[in-house]
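The values are calculated or read from the model by the stated rules, or taken from the named source; none is laboratory data. Keep in mind the model is a prediction, meaning the values are calculated, not measured. Cβ: placed from backbone, ideal geometry, glycine included. Neighbour counts: every protein chain shown.
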Amino acid sequence: MARLVIVSNRVSMPRERLSRAGGLAVALREALAGQKDGGLWFGWSGETVAEPQPAPRRASLGKIDFAVLDLSPAEHKGFYTDFANSTLWPLFHYRLGLIDFHRAAWESYLSVNERFAEQLAALLRHDDVVWVHDYHFIPLAAALRRRGVKNRIGFFLHIPFPAHEVLAALPAHRQLVADLCAYDLVGFQTWNDVRALTEYVLHEVGGRVERPDGGIGAVRIAAFDRELRVAGFPISIDTEGFARTAAHEAEAEDTVRLRDSLGNRSLVIGVDRLDYSKGISKRFEAFQILLGARPEHRGHVTFMQIAPISRGEVSQYRQLRNELDGLAGRINGRYAEFDWMPVRYLNRSFTRNQLAGFYRVARVGLVTPLRDGMNLVAKEYVAAQDGADPGVLVLSRFAGAAAEMSGAVIVNPYDTEGLAEGLDRALTMPLEERRQRWQANMAVLRGNTITHWREGFLAALAA
Ligand code: ADQ
């Protein structure tokens, strides 16, 4: 068994408590720990220092080695804030109007990838298998190849891959895709994303695309003098583990306090990083429409939105925060009663256990991204339900999860009236239909867990 090397922007170092970390960090750490020959986790330390040391800082935990590099303030601004978060993120989420492209930021993105590749190449053994994660490191394989690295290198994109004409808004789109083709295997969340890349390769590059017989399995691409495979690997959660946690948390102190505070009212829950891709404003607007159009819900439904501040250094995120503050205030100002507050809006994060308990209390899980790679909150909400009396998932068709969650009430978040109708439908749905929908979703989540995702990707990379 070869050593596994995982590269991601943020590395979960040994001292970090995994109860705070996401399911992904846990899954990747398990993947590394499960290798007979151990594993290496390489990436950014999360620290910005005036003069970064050239060599990585090392740590280890059992059979896992960790190697992290710091960024300089200029790199943090160019690579991370300006290019990854202010160019690639809005572009890949179809928000062309929010892109803030500068050539200097692109140069910084490339040079950080070169610097990281230089350090990683020195740590690699000839038979290591390398698995690179997410949009921060698209050019990493090409930079490693330039240094003579011949290892098998796979890439997984956690966010959507945009359609050809959208991607073309990036001046350097061709080089970015050429760099992507330096991997041996590229994994996306959905087959929609696979299609977007293959269309680009066919129509922009004039490359070759071979679909497998019967339509199942990886697509083979030949472009930029490289051959690679591309496939969909929908990420998931530790379904049974999350369900157990939620059942256990049902009687935990915070869950009980939440339930008591609601009285007989139904809870609608939204949980997101405060990000414009998540469609939180549309959600607030839809809730306002619901209260206006369906007065019977007034006083009987509480909408709780949990949204910790994210990427506060990017101006679009600060604007979104102001917008949401205003919306929450207006809805409460207009509809609140002395004994009922329609919206509870919390700019803070909670532990996974607390969230599991909160999901279980909620009659509706409202997940309305305008575009989302997968959206694990949708899956966690389903797994947290009590099968005897489950809540309803209301899910945007633009979340990757919509391809799997056939039991959800599927909505188009751009249609806020339709969204309000979906919410009304979920709030008034009879028990039998709620059970059937939940069972359909749960069957999918039992058949595709985070372990299936990880093993599926690594098996395809090894094949
Ligand atoms: P994110 O955009 O961060 O991830 P998402 O998948 O919804 O989105 O959440 C990831 C994790 O963070 C979940 O486990 C969730 O519980 C947790 N989380 C979210 N909001 C939280 C909050 N307010 N407080 C505490 N925890 C919170 C990116 C892509 C997604 C993709 C994931 C994984 O944008 O589309 O599903 O990666 O590939």
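Run down Phe42, Phe66 and say which single residue is aromatic (Phe, Trp, Tyr), under 29 Å from Ile99 (Cα atoms) and touching a residue at least 40 places away in the same chain (Cβ under 8 Å). First the steps, then the outcome.
Values: Phe66 fails: under 29 Å from Ile99 (Cα atoms).
Just one listed residue meets the conditions, Phe42.
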Check your understanding: Within the range 289-307, can one find any residue that is within 27 Å of His93 (Cβ to Cβ), in a loop (DSSP other than H, G, I, E, B) and within 14 Å of the ligand (Cβ to nearest atom)?
Key -> yes
Review point. Just to be sure, is Ala55 closer than 21 Å to Ser111 by Cα, among the aliphatic types (A, V, I, L, M) and over 20 Å from the mean Cα position of the chain (by Cα)?
Key: yes
Review point. Residue check: is Arg311 within 16 Å of the ligand (Cβ to nearest atom) and over 27 Å from Gly422 (Cβ atoms)?
Key: yes
Review point. Are there any pairs, at least 6 apart or on different chains, whose C-beta atoms fall under 9 Å, with the first in the range 401-420 and on the phi < 0 side of the Ramachandran plot and the second more than 16 Å from the ligand (Cβ to nearest atom) and part of a strand (DSSP E or B), and if so, which?
Key: Ala402/Ile410; Gly407/Val392; Ala408/Val392; Val409/Val364; Val409/Val392; Gly418/Val411; Leu419/Val411
Exercise for review: Report, ordered by the first and then the second residue, all pairs with beta carbons closer than 7 Å, sequence separation of six or more or different chains, a first member in the range 297-319 that is closer than 15 Å to Asn85 by Cα and of a type in the set (A, V, I, L, M), and a second member that is within 14 Å of the ligand (Cβ to nearest atom) and in a loop (DSSP other than H, G, I, E, B).
Suggested key: Ile309/Leu274; Ile309/Asn347
Exercise for review: With the condition kept exactly as written, say whether any residue in the range 97-117 is away from the ligand (no atom under 16 Å from the Cβ), without any contact (Cβ under 8 Å) to a residue 40 or more places away in the chain, more than 29 Å from Asp275 (Cβ to Cβ) and not hydrophobic (A, V, I, L, M, F, W, C).
Suggested key: no
Study note, to complete from the structure: Gly43: passes all of (1) within 16 Å of Leu140 (Cα to Cα); (2) in a helix (DSSP H, G or I); (3) of a type outside the set (S, T, N, Q) but (2)
Exercise for review: Could you list all residues from the range 441-457 that are part of a helix (DSSP H, G or I) and farther than 11 Å from Ala27 by Cβ?
Suggested key: Asn441, Met442, Ala443, Val444, Leu445, Arg446, Gly447, Gly456
Exercise for review: Say whether the condition of being modelled with pLDDT of 90 or more, within 16 Å of the ligand (Cβ to nearest atom) and among the small types (Gly, Ala, Ser) is met by at least one residue in the range 66-83.
Suggested key: no
Practice item. Hey, could you check the range 348-366 for residues that are within 8 Å of the ligand (Cβ to nearest atom) and hydrophobic (A, V, I, L, M, F, W, C) and say which is surrounded by the fewest Cβ atoms within 10 Å (Cβ to Cβ)? Key: Phe350
Review point. What tally of residues in the range 326-347 results from selecting those that are more than 9 Å from the ligand (Cβ to nearest atom), touching a residue at least 12 places away in the same chain (Cβ under 8 Å) and touching a strand residue (DSSP E or B) at 6+ places or on another chain (Cβ under 8 Å)?
Key: 8
Point to revise | Cross-chain or 6+ apart pairs with Cβ under 6 Å, the range 367-387 first and part of a loop (DSSP other than H, G, I, E, B), then of a type in the set (Lys, Arg) and more than 8 Å from the ligand (Cβ to nearest atom) | key: Thr368/Lys282; Thr368/Arg283; Ala384/Arg360
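Among the listed residues Val230, Val201, Val209, identify the single one that is more than 27 Å from the chain's Cα centre (by Cα) and either in the same structural domain as Ile153 (by TED's automatic domain parsing) or among the aromatic types (Phe, Trp, Tyr) (or both). Before the answer, list the steps.
Details: Val230 fails: more than 27 Å from the chain's Cα centre (by Cα); Val201 fails: more than 27 Å from the chain's Cα centre (by Cα).
That would be Val209, the only listed residue that is more than 27 Å from the chain's Cα centre (by Cα) and either in the same structural domain as Ile153 (by TED's automatic domain parsing) or among the aromatic types (Phe, Trp, Tyr) (or both).
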Review point. Of (1) closer than 28 Å to Ile237 by Cα; (2) in contact with a Leu (Cβ under 9 Å, 6 or more places away or on another chain); (3) part of a helix (DSSP H, G or I), Tyr345 satisfies all except one. Which?
Key: (3)
Exercise for review: Take the residues in the range 388-433 that are assigned to a strand (DSSP E or B) and of a type in the set (Gly, Ala, Ser), then tell me which one is farthest from the ligand (Cβ to nearest atom).
Suggested key: Ser396
